[in-house]
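The values are calculated or read from the model by the stated rules, or taken from the named source; none is laboratory data. Since this is a predicted model, take the numbers as computed values, not measurements. We place every Cβ from the backbone using ideal geometry, glycine too, and count neighbours over all the protein chains shown. With ligands, DNA and RNA removed, areas are computed over all heavy atoms of the protein, side chains included. Shrake-Rupley method; radii C 1.70, N 1.55, O 1.52, S 1.80 Å.
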Amino acid sequence: HHPGDNLLLGNPSGATADPANATNYLLVRPQFTSGYNATRGIPVWTSWHVGRGDLGQAPRQNDFRPDPALPRQFFQVTPQSYSGSGFDKGHNCPSGDRTATLDDNSATFLMSNMVPQSPQNNQQTWAHLEEYTRAQVQRGLEAYVIMGSYGRGGTGKNGFAQTLAQGRITVPARIWKVIVLLPEGTDDLHRIAAGQARVVAIDTPNDASSAPDWKQYLTSVDKIEAAAGLDLLSALPPDTQAQLQKVVDSGRAN
């Protein structure tokens, strides 16, 4: 994959790679790009591309570890930061979307790619949506995915919490995802602008009420933008953006 593809649809928060910008720090790696909020200890958003070439045989590495690429003045989230919290270390860019090489898979286990996720939301709702997305890629589509979270306070196995690690990591209230699907090809921005893409947007509760069927949470990109304070799909022409962002998907593949 080409690292530039990960941010092809735009930088949703105007994040910059300036360490002084601790609440909106641009973290770029070949596997995914994030706008990271060091005061929340989690990404605001993560953006990545999935094509057939990203899906291979590399086994799940499970090497959760602190991210050495973060500025050293940022709080260093470790796997222990989540220990005993009742929340899963929930991937933003999933392990299963990066199985071409061991390095690609390993990158998804950096703690800067995690959010405290209710086990129900992570293992049911999210797992099903990730599997659905990869199934579309296996059918000959490519996917641009943006995921993020907002708000404060969720419910894990041990009940409600607003933060972990003595307040250093915020437990988000809502977890959202936007998936732009289009047939494999080149010149993707032009093809999306020409109306060839399908946009699936969901916004879910980070708690035990999160239903296994992600289709219950279908919404519009406009609503996610308003709730999260972001500008999604900003690289597209304004008229295309307006058109795509008001649609609520049916949840069914064409």
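Annotations for the structure displayed:
- Residues in the stretch 178-209 that are part of a loop (DSSP other than H, G, I, E, B) and under 17 Å from the mean Cα position of the chain (by Cα): Asn206 only.
- Total residues in the stretch 157-180, condition open to solvent by 10 Å² or more (accessible area, probe 1.4 Å) and touching a Phe, Trp or Tyr at 6+ places or on another chain (Cβ under 9 Å): 8
- Out of Arg60, Arg65, sole residue that is of a type outside the set (Asp, Glu), in contact (Cβ under 8 Å) with a residue 12 or more places away in the chain and more than 23 Å from Pro172 (Cβ to Cβ): Arg60
- Filtered residue count, the stretch 35-53, keeping only those that are open to solvent by less than 50 Å² (accessible area, probe 1.4 Å), closer than 26 Å to Thr186 by Cβ and not in a loop (DSSP other than H, G, I, E, B): 6
- Residue within the stretch 107-120 that is more than 20 Å from Arg174 (Cβ to Cβ), assigned to a loop (DSSP other than H, G, I, E, B), aliphatic (A, V, I, L, M) and in contact (Cβ under 8 Å) with a residue 24 or more places away in the chain present: no
- Options Gln136, Gln124; residue that is open to solvent by less than 30 Å² (accessible area, probe 1.4 Å), modelled with pLDDT of 95 or more and in a helix (DSSP H, G or I): Gln136
- Among the residues of the stretch 83-106, those that are in a helix (DSSP H, G or I) and touching an Asp or Glu at 6+ places or on another chain (Cβ under 8 Å) comprise Gly96, Asp97, Asp104, Ser106.
- Residue ID - surrounded by the most Cβ atoms within 10 Å (Cβ to Cβ), chosen from residues in the stretch 226-242 that are part of a helix (DSSP H, G or I) and in contact (Cβ under 8 Å) with a residue 40 or more places away in the chain: Ala228
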